[in-house]
Amino acid sequence: MTRPRLLFLAPTSPSPDGNGLAMRIFLFLSAYAGAFDVDLAVVPVGGAPRVDPRAAGLCRRSTLVELSSVDSHFSLIASLRQPADRLAAFAGYANPSMIAPLTVAVRDAVKAFAGSERYDLIHVSRTYLAGLADLPLAGGPVPIVVDCDEAESAVHRALARLQRRSGKHHAAQWSMAEAVQFDKQARRDLPSASLCFAASAREATRLGAFLPGVPVETVGNPAPAPAAMTGRPHARHRGRERVIVAVGTMSYLPNSEGIIWFARQILPRIQARSRQPVRLVIVGMSPPDAVRRLAALSGVTVTGTVPDVAPYYRDADLVVAPLRAGGGTRIKLLEAAGHGRPAVSTRIGAEGLGLRHGRDLLIADTPQDFASACLAVLDRPDLARRLVVNARQAVRRDHDARLLRTRILSLVQPLVSA
């Protein structure tokens, strides 16, 4: 029996153990691979220019689309010398800046990859790639599914608020301008979708507010692979240095802003009150200079890109997610539970995961409260152990990849049969 055909467009390579975006994309790819013949095109505006062999192995065909320039309009904007002039010109641009590399040549490459194939469905990962789904397919128009994950504009508005409070007024203006452009692009490109996905109920509500007539369903992020879920809760050794770990893609602004806030305003409070030395280890790819400079602070290590985060979780006494902006859900907290490590997070950092304060993790939003929560976990092994056990139960219940894949197919397959 011939299986239906699917064109899958992704902004970074799907990967079962990459960053949060790569892991979420892999969840959808692996779900589709069970019922469709998949052609994967990676258009790497959101990650490294590569295709993970494990992702390619799930596909009938795969390709990496080369990004070599930005479109001419954005190039003119970037050439303006005065920041105020660039900002004013950007207001007349049609897209958020991150998709300026989606030139005519890139669109032609995607069209050439699709070629004369007859697809039954197109899946697009992230709202900002949705415009690439407008293809002249050989078999005519087909249903389009978009995994929005989060409301991009809401993320940038939250960043703008943080930047204003920090006195970074020009950066705040840019973030607000990006939010407006994300809204424009979503309203232009998403109405053609037959179905959209979001990572949490709150993100689904945000997206549904400006997408009347387009169904928006919730599919959470997957828990770590079963092998990772066997790690034992960490047993601390008296007298040794305590290790706090923060994991994330540091080129993602909410991650870098949050870890700078933690290192400069919270860590010193913990170190001053702890009876043992405390070290913060910042693990994540592409740290900007502002994050790299944190290594000059007492008790701070910045690793940069690492081949495997598991050893860092293994050495951790505590995992922190100090995000003050962002959307979707944070896979790092699911990973912490899988590796048997207790976690402290802001309310935004834990949003959408279904993890409860005091039962599965501790939540705090001010420097004083966050420091106190970290010290409570570090000083009370019984509390740390209880949080880990409960978090694992919640993660297995709500973020089992097998159940999520089943849900994806149950929502998508009726579009094809119709």
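The values are calculated or read from the model by the stated rules, or taken from the named source; none is laboratory data. Model, not experiment: these values are computed from the prediction. Positions of Cβ are backbone-derived with ideal geometry, glycine not excepted, and every protein chain shown enters the neighbour counts.
Test each condition in (1) buried (at least 22 other Cβ atoms within 10 Å of the Cβ); (2) at pLDDT 90 or above for GLY326 and report the one that comes out false.
The failed condition is (2).
For a quick check of your reading of the model, give me the residue pairs whose first member lies in the range 90-111 and is in contact (Cβ under 8 Å) with a residue 40 or more places away in the chain and closer than 18 Å to GLY47 by Cβ, whose second is of a type in the set (S, T, N, Q) and buried (at least 16 other Cβ atoms within 10 Å of the Cβ), with beta-carbon atoms closer than 9 Å and at least 6 apart or on different chains.
PRO96/SER153; PRO96/GLN181; PRO96/GLN185; SER97/GLN181; ILE99/GLN185; LEU102/ASN95; ALA109/THR63; VAL110/THR63
Could you count how many residues in the range 1-41 are out of contact with any Phe, Trp or Tyr (no Cβ under 9 Å at 6 or more places or on another chain), hydroxyl-bearing (Ser, Thr, Tyr) and either buried (at least 22 other Cβ atoms within 10 Å of the Cβ) or modelled with pLDDT of 95 or more (or both)?
Looking only at that region, the number is 2.
Given the structure, is GLU117 surrounded by 19 or more Cβ atoms within 10 Å (Cβ to Cβ) and of a type outside the set (A, V, I, L, M)?
On the way: surrounded by 19 or more Cβ atoms within 10 Å (Cβ to Cβ): no; of a type outside the set (A, V, I, L, M): yes.
Answer is no for this residue.
Take the residues of the range 121-147 that are closer than 23 Å to ARG24 by Cβ and surrounded by fewer than 20 Cβ atoms within 10 Å (Cβ to Cβ): which is farthest from the chain's Cα centre (by Cα)?
Among residues in the range 121-147 that are closer than 23 Å to ARG24 by Cβ and surrounded by fewer than 20 Cβ atoms within 10 Å (Cβ to Cβ), the one farthest from the chain's Cα centre (by Cα) is PRO143.
Just one of ARG206, ARG232 is within 30 Å of TYR93 (Cα to Cα) and either in the same structural domain as ALA391 (by TED's automatic domain parsing) or modelled with pLDDT of 85 or more (or both); which is it?
Values: ARG232 fails: within 30 Å of TYR93 (Cα to Cα).
Just a single option satisfies the conditions, and that option is ARG206.
Considering only residues of the range 116-133 that are in a helix (DSSP H, G or I) and of a type outside the set (A, V, I, L, M, F, W, C), which is nearest to GLN181 (Cα to Cα)? If you could, list the steps in order and put the result at the bottom.
Step one: of the range 116-133, the residues in a helix (DSSP H, G or I) are 127-133.
Okay, now just the ones that are also of a type outside the set (A, V, I, L, M, F, W, C), so 127-128, 131.
On the way: THR127: 12, TYR128: 10, GLY131: 14 Å.
The residue in question is TYR128.
To keep it simple, each residue is scored yes or no on (1) out of contact with any Leu (no Cβ under 8 Å at 6 or more places or on another chain); (2) farther than 20 Å from PHE113 by Cβ.
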| residue | (1), (2) |
| --- | --- |
| PRO49 | no, no |
| ASP52 | yes, no |
| LEU58 | no, no |
| GLU66 | yes, no |
| SER72 | yes, yes |
| ALA78 | yes, yes |
| GLN82 | yes, yes |
| LEU87 | yes, yes |
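Could you look through the range 146-172, keep only residues that are without any contact (Cβ under 8 Å) to a residue 60 or more places away in the chain and small (Gly, Ala, Ser), and pick out the one that is nearest to SER125 (Cα to Cα)?
Applying the filter and picking the extreme gives SER153.
Got a sec? Which of ARG359, ARG396 is assigned to a helix (DSSP H, G or I) and of a type outside the set (A, V, I, L, M)?
ARG396
When you scan the range 1-115 for strands (runs of 3 or more DSSP E) that lie fully inside it, which ones turn up with 1 or more residues that are over 19 Å from ASP134 (Cα atoms) and either in contact with a helix residue (DSSP H, G or I) (Cβ under 9 Å, 6 or more places away or on another chain) or among the hydrophobic types (A, V, I, L, M, F, W, C) (or both)? Talk me through it step by step, then tell me what you get.
Numbers: elements: 5-10, 37-42, 61-64.
Filter on the range 1-115 gives 61-64.
One residue is enough: does the range 341-355 have a residue meeting the conditions crowded, with 16+ Cβ neighbours inside 10 Å, on the phi < 0 side of the Ramachandran plot and of a type in the set (Ser, Thr, Tyr)?
Within the range 341-355, one or more residues are crowded, with 16+ Cβ neighbours inside 10 Å, on the phi < 0 side of the Ramachandran plot and of a type in the set (Ser, Thr, Tyr).
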